Amino acid sequence: MAEDEEGVKVAVRMRLFNGRERDAGAHRVIKMKMEEKGSQTWIVNPETQEEKNFKYDYSFNTHANDDATIKECGPFANQDYVFNHLGKPVLESALEGRNTCLFAYGQTGAGKRPHQGGSP
């Protein structure tokens with residue numbers, strides 16, 4: 001493993017609103033920014049506008065591909081983008097003989113399954 005590589009990488013993914021959230025008129029409370037090394041994600045309290053900042057290796061905007069979301073969250077990360085930036089390096093490490101594991105954690109229905117057909 002190269003000297004600048006870490007053994008554990010952490011990624012977050014901002015998913016699309018589900019039907020219940022869309023019907024309720026939910027508003028996005030997450031902002032993201034990819035940086036040269038790593039990323040930042042902010043959660044904004046909708047009542048106080050207070051922001052909490054978190055740092056991760058990757059923050060993927062898979063919520064929407066509209067101008068407002070791209071401005072605050074970076075480019076839309078479709079399934080291919082996520083695979084190329086996160087999954088492919090894990091696969092390559094495994095093929096080089098390293099022990100690897102990709103663990104998806106989240107609430108049921110939060111979009112951990114790979115997208116099947118159509119656009120993400």
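The values are calculated or read from the model by the stated rules, or taken from the named source; none is laboratory data. Note that the coordinates shown come from a computational prediction; the quantities given were computed from them, not determined experimentally. When we count neighbours, we look across all protein chains shown, and the Cβ atoms used for this are built from the backbone with ideal geometry, even at glycine. All accessible areas refer to the heavy atoms of the entire protein, side chains included, with ligands and DNA or RNA removed. Shrake-Rupley method; radii C 1.70, N 1.55, O 1.52, S 1.80 Å.
Summary table
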quantity	calculated
Selection within region 82-120 - farther than 16 Å from LYS9 by Cα and at pLDDT 90 or above	LEU95, GLU96, GLY97
Within region 10-34, considering residues that are under 14 Å from the mean Cα position of the chain (by Cα) and β-branched (Val, Ile, Thr), the one farthest from THR100 (Cα to Cα)	ILE30
Looking only at region 74-83, and only at residues there that are touching a residue at least 40 places away in the same chain (Cβ under 8 Å) and assigned to a helix (DSSP H, G or I), the one that is surrounded by the most Cβ atoms within 10 Å (Cβ to Cβ)	VAL82
Total residues in region 55-69, condition over 17 Å from HIS27 (Cα atoms) and in contact (Cβ under 8 Å) with a residue 40 or more places away in the chain	5
The one condition in (1) modelled with pLDDT under 90; (2) open to solvent by 50 Å² or more (accessible area, probe 1.4 Å); (3) not small (Gly, Ala, Ser) that THR69 fails to fulfil	(2)
Single residue of LEU91, LEU16, LEU86 found to be hydrophobic (A, V, I, L, M, F, W, C), open to solvent by 40 Å² or more (accessible area, probe 1.4 Å) and not in a loop (DSSP other than H, G, I, E, B)	LEU91
Residue count for region 19-35, restricted to those that are open to solvent by 80 Å² or more (accessible area, probe 1.4 Å), outside any helix (DSSP H, G or I) and among the basic types (Lys, Arg)	1
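Here's the yes/no breakdown for (1) within 30 Å of LEU95 (Cβ to Cβ); (2) of a type outside the set (Lys, Arg); (3) part of a loop (DSSP other than H, G, I, E, B):
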| position | (1), (2), (3) |
| --- | --- |
| LYS37 | yes, no, yes |
| GLN40 | no, yes, no |
| ILE43 | no, yes, no |
| GLN49 | no, yes, yes |
| PHE54 | no, yes, no |
| ASN65 | no, yes, yes |
| GLU72 | no, yes, no |
